[in-house]
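The values are calculated or read from the model by the stated rules, or taken from the named source; none is laboratory data. In this text the structure is predicted, and so the values were computed from the model without any measurement. Cβ atoms come from the backbone with ideal geometry, glycine included; neighbour counts cover every protein chain shown. These accessible areas exclude ligands, DNA and RNA; they are computed on the full protein's heavy atoms, side chains included. Shrake-Rupley method; radii C 1.70, N 1.55, O 1.52, S 1.80 Å.
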Amino acid sequence: KQEVTQIPAALSVPEGENLVLNCSFTDSAIYNLQWFRQDPGKGLTSLLLIQSSQREQTSGRLNASLDKSSGRSTLYIAASQPGDSATYLCTLSGSARQLTFGSGTQLTVLP
Amino acid sequence: GAGVSQSPRYKVAKRGQDVALRCDPISGHVSLFWYQQALGQGPEFLTYFQNEAQLDKSGLPSDRFFAERPEGSVSTLKIQRTQQEDSAVYLCASSWVRGEGTQYFGPGTRLTVL
């Protein structure tokens, strides 16, 4: 059974700082890896999706990497802003296509 | 609507009551997923529909949980004889095809069982 671990569970940084969120997984037989953002009282918003054959994806200030051999992914956020404060969830899609989620990293960016 | 909608947004039930949670997926989306999210945890898969067919219900925690999508669009998750451990946020997601690409999530229904 796929297990997804996210470290750290919570992170607080001053505005403007660059930061890295980590995700590790146990089964490398994946179809894709996706990073979501979750705001309180709202649904999940997809940030980046990396197909199994890809190694990274970039969108604006966000960059996500995937290393299947080591079972790791990172989400890099450049020049963080208070509006980036949210819970970030790493998810994996396996053969059954349902998503397996980590527990998330709760990010607070202080103005 | 433009996105996935869920109703009600909040539901309080007394232990032992039955509840029904509704999901309206994005129009034309073939796949529909239900997830359960306990406080402080990531969502966990409950069940999956492709059109009206329930292809995977391996995540349903007990036979008190039942989901349907009779016409391949709106879906209902029903929980019978609710227990306190059923308290969670129930999320619905839809996608164009079976899991390919992005799943679009609704805002969720927060269920509290007293």
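Close Lys pairs in the protein assembly as shown, defined as Cα atoms under 19 Å apart and 8 or more places apart or on different chains, number 6.
Loop-located GluC sites (Glu not before Pro) in the stretch B:53-102 (DSSP state not H, G, I, E or B) with no more than 15 neighbouring Cβ atoms inside 10 Å: B:GLU71, B:GLU100. Note on the protein assembly as shown: with charges restricted to the Cβ of Lys and Arg (+1) and Asp and Glu (-1), its dipole about the Cα centre is near 400 debye. Taking the accessible area of the protein assembly as shown, probe 1.4 Å, and keeping the other protein chains in place, the carbon and sulfur fraction comes to 47%. Contact order, relative form, for the stretch B:9-74: 27 percent (alpha carbon pairs under 8 Å, 6 or more residues apart, mean separation divided by residue count). Above 13 Å lies some portion of the pair distances; for the stretch A:67-107, what is it as a whole percent of all C-alpha pairs? That fraction is 66 percent.
Scaling the Cα radius of gyration of the protein assembly as shown by the globular reference 2.2 N^0.38 Å produces a ratio of 1.01. Peptide B:105-114 has a mean shielding of 2, counted as Cβ atoms of other protein chains within 10 Å of each residue's Cβ.
To the nearest 10 square angstrom, what accessible area does B:LEU55 show with a 1.4 Å probe? Spelled out: B:LEU55, probe radius 1.4 Å, area about 90 Å². Relative to the current alpha-carbon distance between B:GLN84 and B:GLN17, full extension at 0.36 nm per residue lengthens the span by 23.0 nm.
The residues of the protein assembly as shown present an accessible area of 48 Å² per residue when probed at 1.4 Å with all protein chains retained. A Förster radius of 22 Å, combined with the Cβ-Cβ distance separating B:ALA38 from B:GLU68, puts the computed FRET efficiency at roughly 0.40.
Applying 1/(1 + (r/R0)^6) with R0 = 25 Å to the Cβ-Cβ distance of A:SER59 and A:ALA10 gives a FRET efficiency near 0.60.
Beta bridges from DSSP with both residues in the protein assembly as shown: antiparallel share about 90 percent, rounded to the nearest 5.
Based on alpha carbons, the Rg and Dmax found for chain A are 13.3, 42 Å.
Residues of the stretch A:80-106 with accessible area at least 30 Å² lower in the all-protein-chain context than alone (1.4 Å probe)? Listed in order, they are A:ALA96, A:ARG97, A:GLN98, A:LEU99, A:PHE101, A:SER103.
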